[in-house]
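The values are calculated or read from the model by the stated rules, or taken from the named source; none is laboratory data. Note that the coordinates shown come from a computational prediction; the quantities given were computed from them, not determined experimentally. All Cβ positions, even for glycine, are placed from backbone atoms using ideal geometry, and neighbour counts span all protein chains on display. Side chains included, ligands, DNA and RNA excluded: accessible areas come from the protein's heavy atoms. Shrake-Rupley method; radii C 1.70, N 1.55, O 1.52, S 1.80 Å.
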Amino acid sequence: NNAAYAYDDDLLATEPERWDEQIGIALRSVYLCSRAVLPGMQRAGRGVVVSMSSVNAGQFLGNEAYSAAKAGVESLTRSIAVRHGGDGIGAVALGIGTVLTPGAWDARIERDPDIVARLTRWYPAGRLGRPEDVAALAHFVASDEASWITGTTIMVDGGLTAGNRLLADDVLG
């Protein structure tokens with residue numbers, strides 16, 4: 001399950017139709033896809049529903065509707081794991097940080113050439129994510145080797161949610 005779109009509107013500036021669109025893309029899509037694949041997984045007696053969440057699900061980083069939807073993805077992941085674990089089905093969400101997906105950042109970088117450098121300083125790993133960082137974890141959690149990992153969100157975020165070094169430096173002087 002990997003679909004999302006985010007506007008950067010403040011909650012008070014977000015019209016209900018725009019809110020519904022974002023929730024529909026980022027959360028309803030996970031419901032629909034999961035609903036479509038679960039019967040086949042039940043018949044097979046195995047499977048893993050892997051859903052892309054976001055660091056936004058657990059902290060304010062802007063994008064209120066997107067963030068709420070991704071928090072919903074994590075809740076739905078837990079629900080699937082609990083309800084369908086007895087069917088041999090697991091569910092895992094991946095909490096994704098900023099990933100430089102080809103094409104997705106082009107317009108933003110063109111408008112603001114310094115955006116990547118500004119974002120990178122927040123990541124303890126010293127870089128932004130690459131699609132293959134996420135793909136490697138998705139491949140693992142869908143494998144037999146990860147069959148006991150279920151009902152959780154695994155962060156793949158370059159350390160962003162581990163803490164804030166810039167804030168710590170300011171606090172500690």
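Structure values in brief
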item: Heavy-atom SASA rank of LEU38, LEU11, LEU119 (probe 1.4 Å, accessible area, largest first); result: LEU11, LEU119, LEU38
item: Surface accessible to a 1.4 Å probe, per residue, for the residues of region 65-173, Å²; result: 59 Å²
item: Largest-first ordering by accessible area, 1.4 Å probe, given options ASP106, ASP157; result: ASP106, ASP157
item: Label-point gap, in nm, between ALA162 and LEU11 - each point 7 angstrom along Cα→Cβ; result: 3.1 nm
item: Dipole of region 17-173, positive end: most advanced residue of ALA68, VAL82, TRP122 [Cβ charges, Cα centre]; result: VAL82
item: Efficiency of FRET from Cβ geometry, ARG127 and LEU32, R₀ 41 Å, rounded to 0.05; result: 0.75
item: About the Cα centre, charge dipole magnitude for the chain (Lys/Arg +1, Asp/Glu -1 at Cβ), debye; result: 620 debye
item: Carbon and sulfur %, accessible surface of the chain computed with the full protein complex present, 1.4 Å; result: 55 percent
item: Extension gain from ARG18 to ASP144, taking 0.36 nm per residue of separation minus the Cα-Cα distance; result: 41.4 nm
item: Of ASN2, SER54, THR152, farthest towards positive along the dipole that unit charges on Lys, Arg, Asp, Glu beta carbons give the chain; result: THR152
item: Largest-first ordering by accessible area, 1.4 Å probe, given options TRP122, TRP105; result: TRP122, TRP105
item: For the chain, built as a Gaussian network whose Cα springs stay under 10 Å, the top-fluctuating residue of GLY88, GLY72, GLY151; result: GLY88
item: Dipole in debye (nearest 20) - region 45-137, about Cα centre, beta carbon charges: Lys, Arg +1; Asp, Glu -1; result: 200 debye
item: Using a Förster distance of 22 Å, the FRET efficiency for ILE109-ALA135 (Cβ separation, nearest 0.05); result: 0.50
item: Estimated dipole of region 92-173 in Debye, rounded to 20 [Cβ of Lys and Arg +1, of Asp and Glu -1, Cα centre]; result: 180 debye
item: Alpha carbon centroid spacing (whole Å) that separates region 1-54 from region 136-165; result: 18 Å
item: Backbone N within region 89-106 under 15 Å of label point (7 Å from THR120 Cα along the Cβ vector); result: 98-101
item: For region 17-146: relative contact order, % (alpha-carbon pairs under 8 angstrom, 6 or more apart); result: 25 percent
